[in-house]
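First comes the structure, then the notes that go with it.
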């Protein structure tokens with residue numbers, strides 16, 4: 001039986017997956033999404049590696065199990081696209097990414113906030129058309145403003161530290177009690 005078939009593999013993911021499994025497992029990377037129509041292509045593979053956009057409903061899982069799949073490994077933290085009850089009934093092991101770097105998520109959120117505040121998309125579009133007017137591109141300082149953070153776990157803490165670095169006032173809320181956000185320069189979040 002072949003080892004692993006990965007679905008929904010993006011161009012920049014392929015070399016990372018190939019390097020991760022090199023010399024340990026046979027890996028087949030497919031750019032097509034896993035769903036009811038494509039599930040039969042997994043026949044003979046013991047492990048199916050899925051993306052967050054794949055659909056692993058009961059029908060797909062039954063097809064995978066009938067074809068010899070015993071494990072599904074999701075390349076994301078969420079697994080809302082997998083029928084976990086059906087997987088359990090079929091005896092399939094379901095694995096997923098346990099967590100993402102809180103810094104990468106927080107930094108990307110700030111990149112989006114900065115792009116929106118500073119009208120970056122509009123400025124780039126104008127520049128491509130050789131339109132260098134500044135009208136409508138005025139942004140506001142983050143310094144002195146207030147950042148409201150819903151969820152103060154690892155990602156929220158990293159986000160708050162970046163906000164503090166901008167000189168912002170911080171407000172945070174989380175349904176679970178967390179360690180208070182340490183001041184900037186006090187080390188890594190838990």
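Coordinate-derived values only; no laboratory data. The structure displayed is predicted, hence computed values, not measured ones. All Cβ positions, even for glycine, are placed from backbone atoms using ideal geometry, and neighbour counts span all protein chains on display.
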Normalised contact order of the chain, rounded percent, pairs of Cα under 8 Å and 6 or more residues apart: 14 percent
Relative contact order %, region 2-96, counting alpha carbon pairs below 8 Å whose residues are six or more apart: 27 percent
For region 71-130: span of alpha carbons on each principal axis (Å, largest first): 60, 24, 14
Förster radius 35 Å - calculated FRET efficiency between residue 118 and residue 98, Cβ distance, rounded to 0.05: 0.50
Cα→Cβ-extended label distance, 7 Å offset, between residue 25 and residue 55, nm: 2.5 nm
Highest average packing first - 89-100, 3-14, Cβ atoms within 10 Å: 3-14, 89-100
Chain lengthening between residue 11 and residue 173 when straightened (0.36 nm per residue, less Cα-Cα): 54.5 nm
Calculated P(r) tail over 24 Å for region 1-99, as whole % of Cα pairs: 12 percent
CD proxy at 222 nm, helix term only [per DSSP H run n ≥ 4: -39500 (n - 2.57); per residue of the chain; nearest 500]: -9500 deg cm²/dmol
Option label - semi-axes √(5λ) of the Cα gyration tensor in Å computed here, alternatives [x] 41, 23, 15; [y] 30, 17, 16; [z] 28, 22, 14: [x]
Rg/Rh (Cα only; Kirkwood hydrodynamic radius) as it applies to region 102-173: 1.09
Relative contact order (%) - criterion: Cα under 8 Å, at least six apart; region: region 102-173: 37 percent
